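> Submitted below is the structure of interest, expressed as structure tokens.
The values are calculated or read from the model by the stated rules, or taken from the named source; none is laboratory data. Note that the structure is predicted; figures quoted are calculated from it, not measured. Note that each Cβ is placed from the backbone with ideal geometry, even for glycine, and that neighbours are counted across all protein chains shown.
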Amino acid sequence: MPGEVGEIELFVERDHLTFGSETVFQDDHPRRSIPIKLDRAGVRRVVFLPGIERPEVLNLLDVLTTELDETSIEDDVVTLMWQKQFTHVKTFVLDELSENERFDESKVGLSDPGQTEREAESAAQEPWVASEEQHRLDVENARRLAEECAGTKSKLTPPTPEEVESLRREVELQETCDVSGELADVLFDVVAGSREDASSANLRNVLGQLVVMRMRTADFAGANGLIQQMQDLAKKRGLDPAQARHLGELTGRYSPRSTSRK
Amino acid sequence: MKDVLIANPDANVEELQALVAYFPRRGSSN
């Protein structure tokens, strides 16, 4: 009996339940299978606590054998289990909002009884930490990309649209204002040394957007400085005429102009 | 007018250009 052996911890692995390293139950029937039902509901682990009595086990079986309406949002195993208010059965549910496999301990109100490898991994991938870290990496990558391009002018690898988009996104973000100066510098280097194609046109557009970003942050002198640099670049000897034309068009579009006034 | 437009995130490019024309030295150049 569970009460005699202490806590029993079962892991849900798609169509089977495991206890330790052993499969203790398997059923691959798509509608009837208890493991599949749990798996679909995001349940990753079921723990039976010491002291569990027959009525609670029967209640649990009742829930697990209920035919579920798959289209219903409310009618799922987790909800039904929650409604039963089990006191000796704890479920560990995958956080639906997170793509990482992370147990949502808040849903079960139980401190973690045994740190498994999977959980340790998950803990290392807390989403909010990852996104901040990811952001830092994105900025770093954007800078490295631009630096690499600037350093190898003779055989430039045209940036992919994704990379250009990444750069564009970065310069639009307020917190990257401090690197926008450097970014502008390397962008100028890249633009000046690249062949005319769709990617280099995109990079020039990013320069134009940097101008607007500076305007929006009320760095008018900075915006003017960028426009001046773009104009200088457009006049550079040996620059592809199409690039010069585009630069001229951009500076014309963003140059300060007086509105009609008396 | 300046502060109103600066505070307005929806200011269009034309409005911004007008501001730059009025206050070309505002802000710090990088």
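> Output the qualifying pairs, or none if there are none: Cβ atoms under 6 angstrom, residues six or more apart or on different chains, first residue in the stretch A:43-65 and in contact (Cβ under 8 Å) with a residue 24 or more places away in the chain, second residue hydroxyl-bearing (Ser, Thr, Tyr).
A:Val43/A:Thr91; A:Val46/A:Thr91
> Out of (1) of a type in the set (Val, Ile, Thr); (2) surrounded by fewer than 19 Cβ atoms within 10 Å (Cβ to Cβ); (3) within 35 Å of the chain's Cα centre (by Cα), what's the single condition that is false for A:Ile34?
(2)
> Going by the structure shown, is A:Val63 in contact with a helix residue (DSSP H, G or I) (Cβ under 6 Å, 6 or more places away or on another chain), surrounded by 14 or more Cβ atoms within 10 Å (Cβ to Cβ), under 21 Å from A:Thr87 (Cα atoms) and modelled with pLDDT under 85?
Taking the combined requirement at face value, the residue satisfies it.
> Right, something else. Quick test for you: out of A:Leu203, A:Leu156, A:Leu247, pick the one residue that is modelled with pLDDT of 90 or more and crowded, with 16+ Cβ neighbours inside 10 Å.
A:Leu247
> Looking for whichever is within 14 Å of another protein chain (Cβ to nearest Cβ), modelled with pLDDT under 90 and outside any helix (DSSP H, G or I) here; the options are A:Arg214, A:Arg257, A:Arg195, A:Arg237. Which one fits?
The conditions single out A:Arg257.
> Across the stretch A:217-232, what is the number of residues that are surrounded by fewer than 20 Cβ atoms within 10 Å (Cβ to Cβ) and in a helix (DSSP H, G or I)?
6
> Which condition breaks for A:Leu203 when tested against (1) under 23 Å from B:Leu16 (Cα atoms); (2) away from chain B (no Cβ under 12 Å); (3) not in a helix (DSSP H, G or I)?
Failing condition for A:Leu203: (3).
> Any residue in the stretch B:10-28 that is facing chain A (nearest Cβ under 7 Å) sitting within a Cβ distance under 7 Å of a residue that is surrounded by 14 or more Cβ atoms within 10 Å (Cβ to Cβ) and among the charged types (D, E, K, R)? List the pairs, counting only those 6 or more apart or interchain.
Pairs found: B:Leu16/A:Arg216; B:Gly27/A:Asp219; B:Ser28/A:Asp219.
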